1. Looking at the structure I just gave you, is Val83 more than 16 Å from the ligand (Cβ to nearest atom) and more than 21 Å from the chain's Cα centre (by Cα)?
2. Restricting to region 99-137, name every residue that is of a type in the set (Ser, Thr, Tyr), within 21 Å of Lys56 (Cα to Cα) and either within 16 Å of the ligand (Cβ to nearest atom) or touching a helix residue (DSSP H, G or I) at 6+ places or on another chain (Cβ under 9 Å) (or both).
3. Among the numbered criteria (1) in the same structural domain as Val172 (by TED's automatic domain parsing); (2) surrounded by fewer than 15 Cβ atoms within 10 Å (Cβ to Cβ); (3) not in a strand (DSSP E or B), which single criterion is violated by Val42?
4. Could you grab me the full set of residues in region 139-166 that are under 21 Å from the mean Cα position of the chain (by Cα) and of a type in the set (Gly, Ala, Ser)?
5. If you scan region 76-89, which residues turn out to be part of a strand (DSSP E or B) and surrounded by 17 or more Cβ atoms within 10 Å (Cβ to Cβ)?
6. Might you let me know whether region 159-168 holds any residue that is out of contact with any strand residue (DSSP E or B) (no Cβ under 8 Å at 6 or more places or on another chain), assigned by TED's automatic domain parsing to the domain that holds Pro100 and under 20 Å from Gly53 (Cβ atoms)?
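The values are calculated or read from the model by the stated rules, or taken from the named source; none is laboratory data. The shown structure was predicted, so the numbers you read here are calculated from the model rather than taken from an experiment. Heads up, the Cβs are rebuilt from the backbone with ideal geometry, glycines too, and the neighbour counts pull from every protein chain shown.
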Amino acid sequence: MNSGRWRQVRGRLSRQRRHLVAAARRSDHATAEHIRSLQERVRALSAWLGVWGVFKSCPVSGPHLVNNDFGVIVRMPGVPVHVHQGNDITAATGTPIVAPFDGTAVVSPNVLGGLAVKVYGAAGYVYNAHLSAYGHLGPVKAGDVIGYVGSTGDASGPHDHFEWHPGNGGAVDPNPLLSVVC
Ligand SMILES: [Zn+2]
């Protein structure tokens, strides 16, 4: 090949090289953009799970109705007037009650609540009352059966009286969290 032809080939190759470098830069940029948007999504999902994903399972595993009755004044014969501290989840006697998250299930029977069980988890504890019978106790995973719906204690019909105590403190309305999983 003569030198003129070589110059032509070199010129074409260097143009191709510039072209490829520019294309690689564009593609790096697009990949970085994509990774950034994925990281953004992971952050948003983690934030959502932190706020709304505390319960992994609906506490009542079977046909049920969640009553949005936190804060209602309870007036029942033979029971001191009190502010309702949870949501009553109506279901047939014997319907399984499950741990809403991983934790430790502990019995907590009392006069008003009848047979009752608490589950202590990483973010706080839940309290289920009026059970007809207990299920698995001790270490439990989300979805493990910890008891069965009943009407022991001051219940006027079968339901799971369900309370949520974040940070093991006072009860807060569990309805927004229940609406995600029930
Ligand atoms: Zn109740």
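1. Working: more than 16 Å from the ligand (Cβ to nearest atom): no; more than 21 Å from the chain's Cα centre (by Cα): yes.
Spelling it out, it is not the case that Val83 is more than 16 Å from the ligand (Cβ to nearest atom) and more than 21 Å from the chain's Cα centre (by Cα).
2. First pass over region 99-137, keeping only residues of a type in the set (Ser, Thr, Tyr): 104, 108, 120, 125, 127, 132, 134.
Then drop every residue that is not within 21 Å of Lys56 (Cα to Cα), which leaves 104, 120, 125, 127, 134.
Residue satisfying the conditions is Tyr127 alone.
3. Checking Val42 against (1) in the same structural domain as Val172 (by TED's automatic domain parsing); (2) surrounded by fewer than 15 Cβ atoms within 10 Å (Cβ to Cβ); (3) not in a strand (DSSP E or B), the one that fails is (1).
4. Of the residues in region 139-166, the ones under 21 Å from the mean Cα position of the chain (by Cα) are 139-147, 160-166.
Once the filter is applied, which keeps residues that are under 21 Å from the mean Cα position of the chain (by Cα) and of a type in the set (Gly, Ala, Ser), region 139-166 yields Ala142, Gly143, Gly147.
5. Step one: of region 76-89, the residues part of a strand (DSSP E or B) are 76, 79-83, 87-89.
Correct list: Asn87, Asp88, Ile89.
6. Let us first name the residues in region 159-168 that are out of contact with any strand residue (DSSP E or B) (no Cβ under 8 Å at 6 or more places or on another chain), namely none.
No: region 159-168 contains no residue that is out of contact with any strand residue (DSSP E or B) (no Cβ under 8 Å at 6 or more places or on another chain), assigned by TED's automatic domain parsing to the domain that holds Pro100 and under 20 Å from Gly53 (Cβ atoms).
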